[in-house]
Amino acid sequence: MNKKGFTLIELLATIAIMTVIATVLTINVMNIFESKQKMTEESRENIIVTAASVYLDLSENENLKESCKQNGCTISVNTLINSGLLNESDVDNSKVINIYYKNNEQKYTIN
């Protein structure tokens, strides 16, 4: 007797293998999206920090820069947007950059 088709065991084994492959692929894709999102956030923070540094280096802000060196200072992202250093669509305008100096080196925190 020549029967064509798959046995139940063959079908179950194929489904089990496909399930394992799908699970591994799903986990990897989720990890890729997560790491891309983290990299995007880090890039945005670097843009904000660079804009704040440029803002302090502008000649009209020399007093603010000296004040920052002595006591630290805070610059809002809205200030950077209004000065034309950032685009509103690129960053979260509710963030604030805290600038302080440690060992004559500029340090930043973003809140």
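Only the coordinates and a few stated rules stand behind these numbers; no lab work does. All figures in this text were calculated on a predicted structure; none of them were measured in a lab. Methodologically, a virtual Cβ is constructed for each residue, glycine included, from the backbone with ideal geometry; neighbour enumeration extends over all protein chains shown.
Quick notes on this one:
- Scanning residues 5 or more positions from Ser76 or on other chains, those with amide H under 5 Å from its amide H are Ile97, with H placed 1.01 Å from N in the peptide plane.
- Backbone HN-Hα couplings from phi across the stretch 18-23 [Karplus 6.51/-1.76/1.60, Hz, Gly and Pro as x]: 5, 5, 4, 4, 4, 5
- Calculated FRET efficiency for the pair Leu58/Asn98, C-beta based, R₀ 22 Å, to 0.05: 0.70
- Estimated 222 nm signal from helices in the chain, with DSSP H stretches of n ≥ 4 weighted -39500 (n - 2.57), rounded to 500: -20500 deg cm²/dmol
- Helix 62-71 axis, angle to the chain major axis (alpha carbon atoms, nearest 10°): 70 degrees
- Pairs of Cα atoms farther than 19 Å apart, the chain, %: 61 percent
- Once the Cβ-Cβ distance of Asp90 and Asn28 is raised to the sixth power relative to R0 = 41 Å, the FRET efficiency obtained is 0.90.
- Cross-link pairs beyond the 27 Å C-alpha cut-off, checked among Lys38/Lys107; Lys38/Lys95; Lys36/Lys65; Lys38/Lys65; Lys36/Lys102: Lys36/Lys65; Lys38/Lys65; Lys36/Lys102
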